[in-house]
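In what follows, a structure is listed as structure tokens, so that the remarks can point back to it.
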Amino acid sequence: EAFEVYLAADVAGAVAVLEADMIDLVLTDLRLGGENGMRVIERALSLHRPPVCVMMTAYGSVDLAVEAMRRGAADFITKPVNIDELELKLKRALREREVESENREPKLRRACRLRWGARCAVRSGRV
């Protein structure tokens, strides 16, 4: 499975990418162009269809990992990055999002049917 990759050198560039296209996953560095990569996660999670977010950093600590995940990151990875581990974490995060979406859809259909009857339709989007 291949990923289509967009690059950004700073927070403004990352936000521009997020606003220009539907992004499924964000992998951001804690230090992004001299700025705090947590801002990218915060902006990404404020979108109508928020992507899965993963934080990476060379300044790894338990406190940073907890903070990133408290702010909504699905995972945290430290540098130097093991590419196999990174790929596994990214695929797992995307799969978990897909399962959540699949589990949510039947609930939406039931709620919709109870409120509006048989005329209700729920369409799932790509995750």
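The values are calculated or read from the model by the stated rules, or taken from the named source; none is laboratory data. Keep in mind that what you see is a predicted model, and the values were worked out from it rather than measured. Reconstructed Cβ throughout: ideal geometry from the backbone, glycine too, with neighbour counts over all protein chains shown. The area values use the complete protein model at the heavy-atom level, side chains included, leaving out ligands, DNA and RNA. Shrake-Rupley method; radii C 1.70, N 1.55, O 1.52, S 1.80 Å.
The number of residues in segment 60-85 being assigned to a helix (DSSP H, G or I) and either in contact with a Leu (Cβ under 8 Å, 6 or more places away or on another chain) or acidic (Asp, Glu) (or both) comes to 6. Name the residue that is farthest from LEU94 (Cα to Cα), counting only residues in segment 3-19 that are under 17 Å from the mean Cα position of the chain (by Cα), assigned to a loop (DSSP other than H, G, I, E, B) and free of Cβ contacts under 8 Å to residues at least 60 places away in the same chain. Among residues in segment 3-19 that are under 17 Å from the mean Cα position of the chain (by Cα), assigned to a loop (DSSP other than H, G, I, E, B) and free of Cβ contacts under 8 Å to residues at least 60 places away in the same chain, the one farthest from LEU94 (Cα to Cα) is ALA8.
Considering segment 20-34 alone, what residues qualify as being more than 20 Å from MET69 (Cβ to Cβ) and in contact (Cβ under 8 Å) with a residue 24 or more places away in the chain?
So in segment 20-34, the residues more than 20 Å from MET69 (Cβ to Cβ) come out as 20-22, 33-34.
Across segment 20-34, the qualifying residues are MET22, GLY33, GLY34.
Looking for something more than 18 Å from ALA9 (Cα to Cα) and at pLDDT 85 or above - is there at least one such residue anywhere in segment 23-43? The answer is yes, given that some residue of segment 23-43 is more than 18 Å from ALA9 (Cα to Cα) and at pLDDT 85 or above.
Summed over segment 36-55, residues that are open to solvent by 10 Å² or more (accessible area, probe 1.4 Å) and among the aliphatic types (A, V, I, L, M) total 2.
When segment 17-49 is filtered for residues that are touching a strand residue (DSSP E or B) at 6+ places or on another chain (Cβ under 9 Å), among the aliphatic types (A, V, I, L, M) and farther than 24 Å from GLU98 by Cα, only LEU30 remains.
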